[in-house]
Amino acid sequence: MFSGTLASMSDEPESFDQFRGTDTYIASDELRHAVNVAVALSRPLLLRGEPGTGKTLLAENLAGALGLDLVRWHVKSTTKARDGLYVYDTVARLHDSRFGDGDVKDIAKYIKLGPMGEALSADHKVVLLIDEIDKADIEFPNDLLLELDAMRFHIDELGKDVVARERPVVVITSNNEKELPDAFLRRCVFHYIDFPDRALMERIVRVHHPDIVDRVLDQALEVFYGLRATPRMRKRPSTSELIDWICALKKAGVDLGRVGGGIPFLGTLLKTEQDVELVAKRAKA
Amino acid sequence: MLIDFLYELRRHKLHVSTHEWLALMEAMAKGLHDSSLDGFYRTCRALCVKDVAEYDAFDQAFLAYFKDVGADALAITEDILAWLADPKRMRELSPEELAMIEGLDLDKLRELFEQRLREQKERHDGGNRWIGTGGTSPFGHGGKHPTGLRVGGPGGGRSAMQIAEARRFKEYRKDVVLDVRQIDLALRGLRQLGREGAVEELDLDETVDETCRNAGELEIVFRPPRRNRAKVVLLMDVGGSMDPYAELCSRLFTAASRSGRFARFRSYYFHNCVYDAVYEDAAFRQKVTVADLLAESDRDEKLVVVGDALMHPAELLDGGGSIYFYSQGGRTPGLEWLRRMAAHFRRAAWLNPEPDRFWPGTTIEVIASVFPMWHLTLEGLGGAVRYLVRGGEKPKVPEKAAWGRSWTGSYDPD
């Protein structure tokens, strides 16, 4: 890995500050810095943070900002590392051999590239999003070490190597559900998306609701941060929920200042009965 | 110069590898740190720290190493807190001495404290000047004065020193105690997969083989899916000194007993120490003798004991030491019962909700020499699960000889 990245140091230096956030995505200084370090060193960027803090959105906006295509790989609990590279459809081949449709000798016909395989075989640079890597088996990240390092993989059935022409920008998100292996972490640039403070949150909301009135925004944020500060809450509302909530408020034309007794559309903010009960109890007290 | 910083980080238990350090050097060669301390802080953290639980340790290391770069950053280090957390016994004070100590007012005290903090270089116990424990110095534990003064810098700023100093990520540290989901995830590591049960998964390799053998005529083969075969026996201490941890233990129990997690899961209760029997219910009605329990349990089952292991030494070491003398134990000391259980199972672990800084000099140390013991935190639970599955590293066993010497007090946790 070192030989590759060290060699690239002699290249013409690209502008470092490639990602500044976009019109629809406000990033904190620290996040921007981490993204730019990852792009400059062409190492995978590992993002963690509470659900709803915009980890997945970042990849989309990064692709937009860099003018590259985005390839998504949404990891599920049953996903195997090799599925991301390619799948050899044995059952189809068996079927064809038995029932005689098409040329069974051509194995390449039964090889289907997965998202990561696509990203590596693309003829131009792309952004690869590996979403929620912690959903899969504990060993999953370890199985991708070589592929992420060398940006190449081998298709056993064809005896062929696929090598990336240009190293894709890799963004990996994780919800902190599982420990990721050290060997994997060592290769990544890490950033924890901290929950935005009020000033940053105001900017974020304005991006999504440009026409919002100051007073309404103030009241909404007041209620929102009040809810988040409630002790013993099981799932605290996040940025995306705030934005949905404001959207609901606007559509229904509810004025927060005039509503008495409880928060309207609480269901967009709180997602468990325990939390709703807790808030109701506190409101009474 | 920065190599020292690498070792400073490693001293704070951040396992930064050469790999990451070289990447940082590469980043700096490319000027990614903007030639500023802020930029360096961000770049270094992004490359060297891979877990939000470690941000706090990074902040501390950063503070320690670069403290002279910024303003005079005066922060109480964890070391000092650790000295204070582990007190020596307070000596008896004469009324004159007490009067003298009380004579200091708070402002004066704080001023002196900051001054001492600057001057003091090491732990100091039993004196009358330095910050430590058990002496007549106004700074420390267990006296008539405040036990500690927080001297943090101004928080909430944007410069690297201030960010590090604010230690915003303290709450993410791993050594805090757990909620059910975290325990759940830690326990997921405790598994031994094997194929058992109904055949319901397509076995592709076998299907191809069989089809070939069948001269191309399709022959579908199914197999059972992989299931967890780990068997767990959970022993929990209830009542008495465990009351403060009841909530924590119930979370552990909830996570462990979720259906389908283990091939076999049994839980039993005991009070303070295990003698000749344990109980199926926390009210101690359904008795199961230890002999029966061991006879029914396979050596490969995992024994997990949860308890504070804190009791009067006689309860552990003397024959008939049980607080239920007439009903339990006979003449065999509790420690011997514990030994028998630990010896029966190939791997056993003890989870202790009592923070490990309170272990020395108590019965915990003795029990830790029989059962590999972990503090019941995310980190400790992870360590215990790793040990149960793969064996290997046990936590450090305290010396038995040291125990006898350091035991001075006598108290009854009940």
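The values are calculated or read from the model by the stated rules, or taken from the named source; none is laboratory data. Keep in mind it's a predicted model, so treat the numbers as computed, not measured. Cβ placement follows ideal geometry from the backbone for every residue including glycine, while neighbour counts extend to all protein chains displayed.
Below is a table of values for the structure above.
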| item | result |
| --- | --- |
| Some residue of segment B:259-276 being modelled with pLDDT under 80, surrounded by fewer than 19 Cβ atoms within 10 Å (Cβ to Cβ), more than 24 Å from B:Leu335 (Cβ to Cβ) and under 26 Å from the mean Cα position of the chain (by Cα) | yes |
| Segment A:130-165 - residue that is crowded, with 17+ Cβ neighbours inside 10 Å and more than 30 Å from B:Leu185 (Cβ to Cβ) and, of those, farthest from the chain's Cα centre (by Cα) | A:Ile155 |
| Subset of segment A:33-48 [within 22 Å of A:Pro237 (Cα to Cα) and buried (at least 22 other Cβ atoms within 10 Å of the Cβ)] | A:Leu47 |
| B:Ala46 touching a strand residue (DSSP E or B) at 6+ places or on another chain (Cβ under 8 Å), closer than 19 Å to A:Asp182 by Cβ and either within 11 Å of another protein chain (Cβ to nearest Cβ) or part of a helix (DSSP H, G or I) (or both) | yes |
| Hey, B:His15 surrounded by fewer than 16 Cβ atoms within 10 Å (Cβ to Cβ) and part of a loop (DSSP other than H, G, I, E, B) or not | yes |
| Residue under evaluation A:Ser174, criteria (1) farther than 25 Å from A:Pro264 by Cβ; (2) within 21 Å of the chain's Cα centre (by Cα); (3) at pLDDT 85 or above; (4) surrounded by fewer than 17 Cβ atoms within 10 Å (Cβ to Cβ), criterion not met | (4) |
| Qualifying positions in segment A:20-70 - free of Cβ contacts under 8 Å to residues at least 60 places away in the same chain, of a type in the set (A, V, I, L, M) and touching a helix residue (DSSP H, G or I) at 6+ places or on another chain (Cβ under 8 Å) | A:Ala27, A:Ala40, A:Leu70 |
| A:Ala34 being among the hydrophobic types (A, V, I, L, M, F, W, C) and closer than 25 Å to B:Glu54 by Cα | yes |
| Strands (runs of 3 or more DSSP E) within segment B:199-306 that include 2 or more residues within 22 Å of B:Leu187 (Cβ to Cβ) and more than 14 Å from every other protein chain (Cβ to nearest Cβ) | B:231-237, B:264-270, B:302-306 |
| Checking B:His19 against (1) more than 9 Å from chain A (Cβ to nearest Cβ); (2) under 19 Å from A:Asp149 (Cα atoms), the condition it does not meet | (1) |
| Among (1) under 25 Å from A:Ile204 (Cβ atoms); (2) not in a loop (DSSP other than H, G, I, E, B), the one test that A:Gly52 misses | (2) |
| Breaking point among (1) farther than 21 Å from A:Lys160 by Cβ; (2) part of a loop (DSSP other than H, G, I, E, B), for A:His124 | (1) |
| Residue under evaluation A:Lys76, criteria (1) surrounded by 15 or more Cβ atoms within 10 Å (Cβ to Cβ); (2) more than 10 Å from every other protein chain (Cβ to nearest Cβ); (3) modelled with pLDDT under 90; (4) under 30 Å from A:Pro196 (Cβ atoms), criterion not met | (1) |
| Residue selected from segment B:228-248 under the condition closer than 17 Å to B:Ile367 by Cβ and of a type outside the set (A, V, I, L, M), by the criterion surrounded by the most Cβ atoms within 10 Å (Cβ to Cβ) | B:Asp237 |
| Segment A:12-37 - residue that is modelled with pLDDT under 75 and within 10 Å of chain B (Cβ to nearest Cβ) and, of those, nearest to A:His209 (Cα to Cα) | A:Asp17 |
| Top-ranked residue in segment B:26-44 [being in contact (Cβ under 8 Å) with a residue 12 or more places away in the chain and aliphatic (A, V, I, L, M); ranked as farthest from A:Val39 (Cα to Cα)] | B:Leu37 |
| Matching residues in segment A:230-248 - criterion: being aliphatic (A, V, I, L, M) and modelled with pLDDT of 85 or more | A:Leu242, A:Ile243, A:Ile246, A:Ala248 |
| Pairs, first within 23 Å of A:Asn36 (Cβ to Cβ) in segment A:150-177, second of a type in the set (Lys, Arg) and in a strand (DSSP E or B), C-beta under 6 Å, six or more apart | A:Ser174/A:Arg48 |
| Residue in segment B:342-367 that is nearest to B:Val232 (Cα to Cα), counting only those that are touching a strand residue (DSSP E or B) at 6+ places or on another chain (Cβ under 7 Å) and in a helix (DSSP H, G or I) | B:Ala342 |
| Of residues in segment B:22-38 being assigned to a helix (DSSP H, G or I) and modelled with pLDDT under 85, the one nearest to the other protein chains (Cβ to nearest Cβ) | B:Asp38 |
| A:Val171 vs. criteria among the hydrophobic types (A, V, I, L, M, F, W, C) and in a helix (DSSP H, G or I) | no |
| Meets criteria (at the interface with chain A (Cβ under 10 Å from one of its Cβ atoms) and either crowded, with 24+ Cβ neighbours inside 10 Å or assigned to a helix (DSSP H, G or I) (or both)) for B:Tyr41 | yes |
